[in-house]
Amino acid sequence: MTASAPTPPPALPERSSLPAVTKEGLLHLYREMVLIRRVEELAAKAYTQRKIFGFCHLYIGQESVAVGAAAACQPQDHWVTAYREHGQAMAKGVSPRAVMAELYGKATGCTQGLGGSMHLFDSKVNFMGGYGIVGAHVPLAAGVAWGLKQRKTNGVAVCFFGDGAAHQGAFFEALCLAQLYKLPVVFLCENNFYAMGTAIDRQSALIDMSLRGLGVGMVREQFDGFDVEHVRDRVAAAVEFARSGQGPVILEAITYRYRGHSMSDPAKYRPSGELEEKKKSDPLAISERRLMTDFGVTADELEAVRASVDAEADDAVKFAEESPWPDPAHLYDYTYAPTPEPAAAGSAPEEKR
């Protein structure tokens, strides 16, 4: 018996069903990107002042991916991501105050100061967490998608991961199960060219991580992730496909991080001139040019946006610094399940009814 050749998966449509971005819409997307960058710049400053401890992975340079994806999603969609998640959390609706307070380890943080930089979480906006084990959160996203499908919520799970995570065994297992059960999930690889300090061409013979999906017959696409409008459209096309019940999609957004892997990484492994060259495709600059050229937005209007962002970001820092520390009495509230009090010596066991 000879197995027939598999039918290649279809391509996503060239355009999603979303309407074109208006001037007001692009101004909103621009402001969201500037806010993420400014909050992270202040987080970096606080880290050097030893006001933030532990690991701290910055998203600077990649803001267009999170903001564009948020514009493509609906409130019932659930996001699962890795440890470089400050920008994704804010794009999904977590407030800058709650993010900064969590980075500071304060009780007013989105996880009451118990999670820190790598473990932001807010179920109120369906942001289902950042996770520190590389690639291990990808199966969790498949599980979330399973739950969304079983409950008939019409929601889609969106899973963010880096190029380095695409080599983990758990990643492949998640793709297999998602495709087998036609789960409503979009796997979104943010390929920023480096897995920690290892360049993409030194860690993988396969450069386009979306091609991983072909092994399970999954719809896939690679696209340029520097233009927030383009990200919005391509993620929307994938989300619409998954929401329609046709199955999962794997995307790869080409992006670039401007800082090192974490605050402790000076990023000296980059070739000379690479960072400067990549900054020519800065997502903020792309949107600024479009706003000024195509929509007639003035330099003064853009400066007003930046000024309002500075005020909001400064407020987040002030809020974090003035917030109380968590009560140590609650340290283990989410670590151990409550246990019943032991019965007094000599007492008879309670009768079961």
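Listing for the model above:
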{"quantity": "Which listed residue, of Thr255, Thr339, Thr293, is in contact with a strand residue (DSSP E or B) (Cβ under 7 Å, 6 or more places away or on another chain) and hydroxyl-bearing (Ser, Thr, Tyr)", "calculated": "Thr255"}
{"quantity": "Hits in segment 183-213 (condition: touching a helix residue (DSSP H, G or I) at 6+ places or on another chain (Cβ under 7 Å) and either among the acidic types (Asp, Glu) or assigned to a helix (DSSP H, G or I) (or both))", "calculated": "Glu190, Ile200, Gln203, Met209, Arg212, Gly213"}
{"quantity": "Residues that are in contact (Cβ under 8 Å) with a residue 24 or more places away in the chain and either in a loop (DSSP other than H, G, I, E, B) or at positive phi (or both), drawn from segment 271-295", "calculated": "Asp282, Phe295"}
{"quantity": "Verdict on Val67 being among the aliphatic types (A, V, I, L, M), more than 23 Å from Phe172 (Cα to Cα) and part of a helix (DSSP H, G or I)", "calculated": "yes"}
{"quantity": "Members of segment 62-78 found to be of a type outside the set (A, V, I, L, M, F, W, C) and either crowded, with 23+ Cβ neighbours inside 10 Å or modelled with pLDDT under 95 (or both), listed by number", "calculated": "Gln62, Glu63, Ser64, Gly68, Asp77, His78"}
{"quantity": "Count of residues meeting criterion [over 28 Å from Glu229 (Cα atoms) and either touching a strand residue (DSSP E or B) at 6+ places or on another chain (Cβ under 8 Å) or in a loop (DSSP other than H, G, I, E, B) (or both)] in segment 296-336", "calculated": "11"}
{"quantity": "Residue pairs meeting the criteria (Cβ under 7 Å; at least 6 apart or on separate chains; first over 17 Å from Trp325 (Cα atoms) and at pLDDT 95 or above, in segment 40-55; second assigned to a loop (DSSP other than H, G, I, E, B) and of a type in the set (Val, Ile, Thr))", "calculated": "Glu40/Ile60; Ala43/Ile52"}
{"quantity": "Some residue of segment 165-182 being of a type in the set (Gly, Ala, Ser), crowded, with 22+ Cβ neighbours inside 10 Å, within 17 Å of the chain's Cα centre (by Cα) and assigned to a helix (DSSP H, G or I)", "calculated": "yes"}
{"quantity": "Residues of segment 119-135 satisfying the condition of being assigned to a loop (DSSP other than H, G, I, E, B), of a type in the set (A, V, I, L, M, F, W, C) and surrounded by 15 or more Cβ atoms within 10 Å (Cβ to Cβ)", "calculated": "Leu120, Phe121, Val134"}
{"quantity": "Verdict on Val144 being closer than 18 Å to Tyr59 by Cα, at pLDDT 95 or above and either in contact with a Gly (Cβ under 9 Å, 6 or more places away or on another chain) or assigned to a strand (DSSP E or B) (or both)", "calculated": "no"}
{"quantity": "Of the criteria (1) part of a strand (DSSP E or B); (2) modelled with pLDDT under 95, which one Arg220 fails", "calculated": "(2)"}
{"quantity": "Subset of segment 297-342 (residues that are in contact (Cβ under 8 Å) with a residue 12 or more places away in the chain and among the basic types (Lys, Arg))", "calculated": "Arg306"}
{"quantity": "Criterion: out of contact with any helix residue (DSSP H, G or I) (no Cβ under 6 Å at 6 or more places or on another chain), surrounded by fewer than 18 Cβ atoms within 10 Å (Cβ to Cβ) and more than 20 Å from Ala238 (Cα to Cα) - qualifying residue of Ala107, Ala98", "calculated": "Ala107"}
{"quantity": "Condition met for Arg31 (basic (Lys, Arg), touching a residue at least 24 places away in the same chain (Cβ under 8 Å) and outside any loop (DSSP other than H, G, I, E, B))", "calculated": "yes"}
{"quantity": "Where Gly155 falls short, out of the listed (1) within 25 Å of Arg232 (Cα to Cα); (2) of a type in the set (Gly, Ala, Ser); (3) part of a helix (DSSP H, G or I)", "calculated": "(3)"}
{"quantity": "Residue within segment 59-79 that is hydroxyl-bearing (Ser, Thr, Tyr) and out of contact with any Gly (no Cβ under 7 Å at 6 or more places or on another chain) present", "calculated": "no"}
{"quantity": "Within segment 202-258, considering residues that are surrounded by fewer than 21 Cβ atoms within 10 Å (Cβ to Cβ), without any contact (Cβ under 8 Å) to a residue 60 or more places away in the chain and among the charged types (D, E, K, R), the one nearest to Asn154 (Cα to Cα)", "calculated": "Asp224"}
{"quantity": "Positions within segment 137-150 being surrounded by fewer than 17 Cβ atoms within 10 Å (Cβ to Cβ) and farther than 23 Å from Gly93 by Cα, in sequence order", "calculated": "Gln150"}
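The values are calculated or read from the model by the stated rules, or taken from the named source; none is laboratory data. Note that this is a predicted model, so its numbers are computed, not measured. Cβ atoms come from the backbone with ideal geometry, glycine included; neighbour counts cover every protein chain shown.
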